[in-house]
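A.B. asks: Please find one structure pasted underneath; my questions will follow.
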Amino acid sequence: MVIVMSPGATEEQVQKVIEALVERGFDAHRSTGSTRTVIGAVGQTGRADPRDFRLLDGVADVVRISEPYKLAGRTFQSEDTRIQVAGVEIGGPEVVVMAGPCAVESQKQVHEAAAAAAAGGARILRGGAFKPRTSPYNFQGLGAEGLGFLKAAGREHGLAVVSEILDTRDVPLFVEQVDIIQVGARNMQNFALLKELSRVRKPILLKRGMSATLSELLLSAEYLMSGGNRQVILCERGIRTFETSTRNTLDLSAIPVLKSMSHLPVIVDPSHGTGLRDFVVPMARAAVAAGADGLLVEVHPHPEEALSDGAQSLPPEMFTALMVQIRVIVTAMDRTLAQPGAAVDAEA
């Protein structure tokens with residue numbers, strides 16, 4: 001259930017509505033837009049009578065929500081969510097590019113990758129310090145040491161940092177070391193991890209599971225938001241289908257569909273979506289043209305030497321060429337490519 005306040009509703013009236021919801025056993029989630037305040041009531045609404053709330057002062061309308069993702073859906077919040085992170089805005093008119101290696105392999109490697117990402121025009125450095133691998137014998141990442149390398153490389157080159165978390169026990173470490181915490185496809189429905197991250201006041205990049213529907217993706221976002229974390233970024237990274245020509249099937253139709261279903265920013269990972277660098281570039285271009293708010297692209301200084309996913313990683317010169325092409329596309333769409341701004345605080 002969503003309670004829409006009148007444009008002229010006072011703060012006292014808003015608080016009385018929230019108090020009434022809490023008294024009836026609901027969790028009240030407030031969203032203040034440019035013209036009015038909306039209050040989402042999360043809980044068992046079957047026994048609630050909307051008329052009880054329509055009679056409260058300052059209430060314009062009460063709307064029952066049929067979809068289960070009440071906070072992530074557009075019924076609760078019609079205006080797009082914009083997320084601020086280290087001087088970068090995600091979800092606004094700018095398209096934000098996140099680039100870097102699949103895995104942090106060494107201090108030298110991640111610094112070279114950060115330099116290439118920054119030179120090409122990326123604003124956020126991606127890299128995995130903890131790697132979920134299908135085989136237990138594959139490279140699993142450098143762990144906490146790698147996370148430190150990643151942060152240092154990002155700060156040196158003026159880039160914010162995003163990395164994937166695997167374990168609830170590592171939440172304090174990630175809060176300290178990264179600017180955006182990534183939940184990977186394998187953990188999209190790791191509800192214990194989602195609940196723990198819902199209490200963190202730091203942006204969460206939530207990847208779609210390889211066999212997940214869009215509604216399931218939004219319900220995972222709901223776990224994060226219902227715990228109080230509204231800074232959620234959705235990521236389409238390809239789904240598993242019967243096609244074997246690519247690593248996954250990159251579902252670009254998910255971009256406009258998610259935009260219609262949710263107010264949250266949507267970015268695309270064409271690297272995991274295709275698995276081959278020759279396909280990454282055209283799918284990255286297509287994702288931006290389809291309305292994505294950003295890209296998550298793998299860039300490695302020496303892909304042939306990569307310990308993880310070298311086949312889908314772009315060499316620096318290929319990434320730079322892609323960024324030139326993306327600038328043309330965003331201009332044609334009346335958007336802009338996020339430009340380097342103030343340096344990231346080295347102590348952040």
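The values are calculated or read from the model by the stated rules, or taken from the named source; none is laboratory data. Predicted model, so just to flag it, every value in this text is computed and none were measured. Note that we place each Cβ from the backbone using ideal geometry, even for glycine, and neighbour counts take in every protein chain shown.
A.B. asks: Any residue at all in segment 10-31 that is of a type in the set (A, V, I, L, M) and assigned to a strand (DSSP E or B)?
C.D. replies: Here is the first cut: in segment 10-31, the ones of a type in the set (A, V, I, L, M) are 14, 17-18, 20-22, 28.
Filter again for assigned to a strand (DSSP E or B), leaving 28.
Within segment 10-31 (the criterion being of a type in the set (A, V, I, L, M) and assigned to a strand (DSSP E or B)), the answer is yes, since at least one residue qualifies.
A.B. asks: For segment 157-175, state whether one or more residues are in a helix (DSSP H, G or I), surrounded by 18 or more Cβ atoms within 10 Å (Cβ to Cβ) and modelled with pLDDT of 95 or more.
C.D. replies: Going through segment 157-175, the residues in a helix (DSSP H, G or I) turn out to be 168-175.
If we keep only those that are surrounded by 18 or more Cβ atoms within 10 Å (Cβ to Cβ) too, we end up with 170, 174.
Filter once more, keeping what is modelled with pLDDT of 95 or more: 170, 174.
Yes, that holds for at least one residue.
A.B. asks: Could you say whether any residue in segment 319-332 is surrounded by 15 or more Cβ atoms within 10 Å (Cβ to Cβ) and in a loop (DSSP other than H, G, I, E, B)?
C.D. replies: no
A.B. asks: Still on this structure, I have one more. Against the conditions (1) at pLDDT below 95; (2) under 30 Å from A28 (Cα atoms); (3) in contact with a Lys or Arg (Cβ under 6 Å, 6 or more places away or on another chain), where does A86 fall short? Just the number, please.
C.D. replies: Condition not satisfied by A86: (3).
A.B. asks: Among R208, R201, R186, R169, which is of a type in the set (D, E, K, R), assigned by TED's automatic domain parsing to the domain that holds Q107 and in contact with a Cys (Cβ under 8 Å, 6 or more places away or on another chain)? Show your work before the answer.
C.D. replies: Working: R201 fails: in contact with a Cys (Cβ under 8 Å, 6 or more places away or on another chain); R186 fails: in contact with a Cys (Cβ under 8 Å, 6 or more places away or on another chain); R169 fails: in contact with a Cys (Cβ under 8 Å, 6 or more places away or on another chain).
Only one candidate qualifies: R208.
A.B. asks: Also: Could you give me the residue pairs with C-beta distances under 6 Å whose first residue belongs to segment 166-186 and is touching a residue at least 12 places away in the same chain (Cβ under 8 Å), whose second residue is of a type in the set (D, E, K, R) and assigned to a helix (DSSP H, G or I) wherever it lies, and which are 6+ apart or on separate chains?
C.D. replies: T168/E196; V171/E196; Q177/K151
A.B. asks: Further, regarding this structure: Select from segment 21-37 the residues that are touching a residue at least 12 places away in the same chain (Cβ under 8 Å) and either in contact with a helix residue (DSSP H, G or I) (Cβ under 7 Å, 6 or more places away or on another chain) or charged (D, E, K, R) (or both) and list them in ascending order.
C.D. replies: The answer is R24, D27, A28, R30, R36, T37.
A.B. asks: Kindly evaluate G143 against the criterion of being under 21 Å from the mean Cα position of the chain (by Cα) and surrounded by fewer than 24 Cβ atoms within 10 Å (Cβ to Cβ).
C.D. replies: Numbers: under 21 Å from the mean Cα position of the chain (by Cα): no; surrounded by fewer than 24 Cβ atoms within 10 Å (Cβ to Cβ): yes.
It is false that G143 is under 21 Å from the mean Cα position of the chain (by Cα) and surrounded by fewer than 24 Cβ atoms within 10 Å (Cβ to Cβ).
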